[in-house]
Amino acid sequence: MIFGRRKRFTGGVVLALVLVVLVGTSGCTEQEQSTTTGALIGAGLGAVIGNQSGKAVEGALIGAAVGGAIGYIVGESRTQRIASADQTYSQQGYRAVEGLQIKITEASVSPTVARPGDDVDLNSTVAVMGPGSDPVKVRQRIAIYKGQELVGDIIEDQFDLEPGTHRISRRITLQKDFPAGRYLYVTHVKAYSGDDVSESSREVPFSVG
């Protein structure tokens, strides 16, 4: 059966790519392994799609190229309280009757012009305001876009932050063949306290070249 032969052939392509990756990534850095793994995932998807048109090899190669061109290594997030609750309330003109409030007062990317292989810090300064003094659950979502296209995965994190102003930083490492161009860092935070919910977003452009 033609379909059966194609299916077995596709499996052979993917298996061969797996073996290549297992051998090729031994001794590689974490960044190199990340790029190669992305290529493997893309190759597998490409081979499956290519199989439907009888072009498993072409699909695998195209998929490998696409898979290797996405992603970055995500480092740990860091938080630092940089202003007390009273200082924050005064700066933001906040009153307790307003209930739970969260606001991204500043966002930045460092460096603003990066090169492939660079470490890039994605920073958000967040004012957490509420009628009480207990820590507030805050969920952050980070996304990077090139035009309308999402690059890599959405990064999610959750923190328990006391009322006040906090700096949240997340470091990513661009892979060595990260495409040049203009990008947009989008940070979104959402605070929860009982039935109260508050949200805030900010966008920051940066370049890779």
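Residues in segment 115-131 that are part of a strand (DSSP E or B) and among the acidic types (D, E): D119, D121.
I41: of a type in the set (V, I, T), over 17 Å from A191 (Cα atoms), at pLDDT below 95 and within 19 Å of the chain's Cα centre (by Cα), yes or no? Criteria met by I41. Within segment 99-109, at least one residue is in contact with a Leu (Cβ under 9 Å, 6 or more places away or on another chain), modelled with pLDDT of 95 or more, more than 17 Å from E76 (Cβ to Cβ) and among the small types (G, A, S). Flag set for G152, criterion: touching a residue at least 40 places away in the same chain (Cβ under 8 Å), in the same structural domain as Q92 (by TED's automatic domain parsing), on the phi > 0 side of the Ramachandran plot and small (G, A, S).
Check whether at least one residue in segment 122-134 is under 20 Å from V74 (Cβ atoms) and of a type in the set (A, V, I, L, M), and report yes or no. Yes, some residue in segment 122-134 is under 20 Å from V74 (Cβ atoms) and of a type in the set (A, V, I, L, M).
Yes or no, residue by residue, for (1) surrounded by fewer than 13 Cβ atoms within 10 Å (Cβ to Cβ); (2) more than 14 Å from the chain's Cα centre (by Cα); (3) part of a strand (DSSP E or B):
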residue: S133; (1), (2), (3): yes, yes, no
residue: I144; (1), (2), (3): no, no, yes
residue: G152; (1), (2), (3): no, no, yes
residue: E156; (1), (2), (3): yes, no, yes
residue: D160; (1), (2), (3): yes, yes, yes
residue: H166; (1), (2), (3): no, yes, yes
residue: I172; (1), (2), (3): no, no, yes
residue: Y192; (1), (2), (3): no, yes, yes
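Restricting attention to segment 106-137, the residues being touching a helix residue (DSSP H, G or I) at 6+ places or on another chain (Cβ under 8 Å) and either closer than 30 Å to F206 by Cβ or outside the structural domain of E76 (by TED's automatic domain parsing) (or both) number 4.
Test of understanding: among D195, D160, which residue is more than 22 Å from R81 (Cα to Cα) and among the charged types (D, E, K, R)? Only one candidate passes the filter, namely D195.
Of all residues being of a type in the set (G, A, S) and in contact (Cβ under 8 Å) with a residue 24 or more places away in the chain in segment 106-125, which is surrounded by the fewest Cβ atoms within 10 Å (Cβ to Cβ)? Just the residue, please.
Step by step, filter segment 106-125, then rank; the result is G117.
Touching a Phe, Trp or Tyr at 6+ places or on another chain (Cβ under 6 Å), at pLDDT 50 or above and not small (G, A, S), is that true of T88? No, not satisfied.
The values are calculated or read from the model by the stated rules, or taken from the named source; none is laboratory data. Every value quoted in this text rests on a predicted model; they were computed, and no experiment measured them. Methodologically, a virtual Cβ is constructed for each residue, glycine included, from the backbone with ideal geometry; neighbour enumeration extends over all protein chains shown.
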